[in-house]
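The values are calculated or read from the model by the stated rules, or taken from the named source; none is laboratory data. On a predicted model such as this, the values are computed, not experimentally measured, just so you know. Cβ placement follows ideal geometry from the backbone for every residue including glycine, while neighbour counts extend to all protein chains displayed.
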Amino acid sequence: MRLYNRLAGAAGLCLITALSPLAAGHAADMAHTITVTGQGEAKAVPNQAQLSAGVTTTATTAETALAENARKMNGVFSALKRMGVPERSIRTSNFSVSPQYPPYNQNATGPQRIVGYQVSNQVDITLDDVKKLGAALDVLVAAGANQINSVGFSIRDTATLLKSAREAAIADAIKRAQTYTHAADVALGAVLSIQETSFEVPRPMYRMEAMAAAPPDATPTAAGEQSVTASVTMVFEIK
């Protein structure tokens, strides 16, 4: 047993001795590198518009409120169809029937009395032409929509923009590495690794402002501009 322990200890010592030069060599390699992070951005004008609209009706009975709401919503759907909006671009986002009560009275006793019912039907609509947004708002209101909850803009396909943002991030990282190595009076070597640390595509922007391209009789809106960003971390060899 003692002989076995001596042999095992000697083997362990040899292993440590053998690994030490490898570890030292790895540390030396890492000492001759530079790590930089690059940022890239690509911008474009949104080519899609989103809006949320609907009809809210109130009546003394739920049946009457529902019937009136259905009549006006059918008008809304017909108006969107006449505009050429496909069914796939229209989605019901909310429907509710709720009782209505009289104003609060601190002197009132007993259970609250229901004085009517409110029915709300909301739809989300996507337009593939942002220039039609103002006209769509006017058409919806004329058709009976009495609620416009939000207006947003987005970019239909961000793949091309994201590619440009990533290329810009790589170029930015290379430029930074060149700046640092030039200042340190060393030569920049080959790329050892590239890692994408983050990227972000635009979220819908909600706004309603003036837009010069809008038809003169339509509600003015503005799509603005959106951007896609990317970030990369690169490791270079230093010669």
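The combined condition, being of a type in the set (D, E, K, R), surrounded by 12 or more Cβ atoms within 10 Å (Cβ to Cβ) and within 30 Å of ALA230 (Cβ to Cβ), is not fulfilled by ASP138. One residue stands out in the range 28-79 among those that are touching a Pro at 6+ places or on another chain (Cβ under 9 Å) and not in a strand (DSSP E or B): the one that is nearest to ILE125 (Cα to Cα), namely PRO46. ALA213 passes all but one of (1) surrounded by fewer than 16 Cβ atoms within 10 Å (Cβ to Cβ); (2) over 14 Å from LYS131 (Cα atoms); (3) modelled with pLDDT under 90; which number fails? The number of the failed condition is (2). None of THR181, THR197 is assigned to a strand (DSSP E or B) and either of a type in the set (Val, Ile, Thr) or over 14 Å from GLN39 (Cβ atoms) (or both) except THR197.
Here the condition is being crowded, with 16+ Cβ neighbours inside 10 Å and either outside the structural domain of SER164 (by TED's automatic domain parsing) or within 23 Å of the chain's Cα centre (by Cα) (or both); of GLY84, GLY38, it holds for GLY38 alone. Among the residues of the range 148-162, those that are in contact (Cβ under 8 Å) with a residue 24 or more places away in the chain and either among the hydrophobic types (A, V, I, L, M, F, W, C) or closer than 15 Å to SER231 by Cβ (or both) comprise ILE148, VAL151, PHE153, ILE155, LEU161, LEU162.
For the range 155-192, a residue qualifies if it is in contact with a Phe, Trp or Tyr (Cβ under 9 Å, 6 or more places away or on another chain) and either within 30 Å of GLN48 (Cβ to Cβ) or surrounded by fewer than 12 Cβ atoms within 10 Å (Cβ to Cβ) (or both), and the qualifying residues are LEU162, ALA165, ARG166, ALA169, ALA190.
For the range 115-170, the set of residues classified as at pLDDT 95 or above, under 30 Å from GLN39 (Cβ atoms) and of a type in the set (Val, Ile, Thr) consists of ILE170 only.
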